[in-house]
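Please read the structure below before turning to the comments.
No lab work stands behind these numbers, since they all come straight from the coordinates. Computed from a prediction, not measured in an experiment: that's the story for all the values here. Note that each Cβ is placed from the backbone with ideal geometry, even for glycine, and that neighbours are counted across all protein chains shown.
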Amino acid sequence: MPFVELPESPHAPGIEPVRIHYREQGSGRPLVFLHGGWGYGVYPIDRQIEAFQRELRIIAPDRSGYGRSTLVTSEMPQDFHRRAADETLAVLDALGIERATFWGHSDGAVVAAMIGLKVPDRCEQLILEAFHYFRKKPGSRGFFERFSAHPEDLAEETQRLLAKDHGEMQWQSVVRRNCRAWLRIGDACVRPDGDLYDGRLREMKVATMFLHGRLDPRTEPGELERARKELPLAAMLLVEKGQHSPHSEEAAYEECNRMLSELV
């Protein structure tokens with residue numbers, strides 16, 4: 001089981017050292033998959049590994065606080081995406097990977113975009129799936145409130161996948177920490193159109209592709225349009241039957257893979 005050890009990480013404040021578990025499959029050009037806010041196991045990329053491992057070296061780290069990486073139980077800070085970007089770059093340094101395609105899902109897409117803004121020379125391209133632009137997510141507030149208080153209300157299969165990924169004793173903490181962080185991000189935002197990138201997304205210098213399910217319930221009205229306005233040259237690939245995770249959904253993964261095959 002592969003790990004790298006970091007002396008410290010801003011994503012795990014006050015903990016030294018920090019062990020990061022990662023998955024690695026395939027060979028070829030490096031592609032780094034950055035998981036969403038509930039971890040890798042709920043939305044795995046097994047089907048993409050099977051499809052693309054002959055052309056790509058696919059690396060999928062667990063961020064600290066997730067999966068088999070160092071346990072973090074403190075509240076997530078509001079700037080956890082930026083902290084995760086810095087941690088990811090430290091992991092790639094430890095693995096000797098100087099440049100890669102970054103494919104981020106949901107919170108991972110935010111992390112990937114922040115990596116692109118910070119170190120464009122290390123990015124071959126960005127694939128941003130289930131992208132978040134706005135800080136305030138009123139359409140998702142009830143979702144965050146419900147599962148921050150009662151993660152046991154999640155469907156049994158979702159609970160099983162979370163427990164398999166994070167452990168029976170920790171999966172509820174993973175859900176609570178992420179939901180609470182999003183609630184605090186929204187509460188701290190004064191402007192309803194405030195964005196996670198502080199107005200800097202338009203400065204992106206990396207080739208960028210949005211990969212988005214048309215039925216994604218976590219997308220706010222106008223959110224994709226605003227992202228398109230900020231990055232007018234980026235490709236916008238919409239998966240017709242996709243919801244929040246087209247790459248892992250039975251009704252959407254084949255269309256998603258066809259789109260990815262043209263990108264990678």
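Pop a pseudo-label 7 angstrom from the Cα along the beta-carbon direction at both residue 3 and residue 200 and give the gap in nm to one decimal.
3.2
Relative to the Cα centre, what is the charge dipole magnitude of the chain, using +1 at the beta carbon of each Lys and Arg, -1 at the beta carbon of each Asp and Glu, and rounding to the nearest 20 debye?
On the way: 35 positive and 41 negative charges, 98 e Å.
Around 460 debye, computed over the chain.
Report the label-to-label distance for residue 54 and residue 29 in nanometres (one decimal), using points 7 Å from each Cα along the Cα→Cβ vector.
Simple spin-label model gives 1.7 nm for this pair.
Can you give the Rg/Rh ratio of the chain, where Rg is from the C-alpha atoms and Rh is the Kirkwood radius?
0.93
Picking from 231, 179, 154, whose Cα lies most toward the positive end of the charge dipole for the chain (charges on Cβ: Lys, Arg +1; Asp, Glu -1)?
Value: 231.
Compute the Rg to Rh ratio over region 208-264 from the alpha carbon atoms, using the Kirkwood formula for Rh, and round to two decimal places.
Using Cα coordinates only, the ratio equals 0.97.
Rg to Rh for region 115-204: what is it, with Cα atoms only and Rh by Kirkwood?
That ratio equals 1.06.
Sum -39500 (n - 2.57) across every DSSP H segment of at least 4 residues in the chain, then divide by the residue count to get the 222 nm mean residue ellipticity, nearest 500.
Calculated at 222 nm, the ellipticity per residue is -11000 deg cm²/dmol.
Lysines near residue 136 by alpha-carbon distance under 22 Å, same-chain residues fewer than 8 away left out - which ones?
229
Along each of the three principal axes of the Cα atoms of region 57-149, give the extent in whole Å, ordering the values from largest to smallest.
So the three principal-axis extents are 41, 28, 21 Å.
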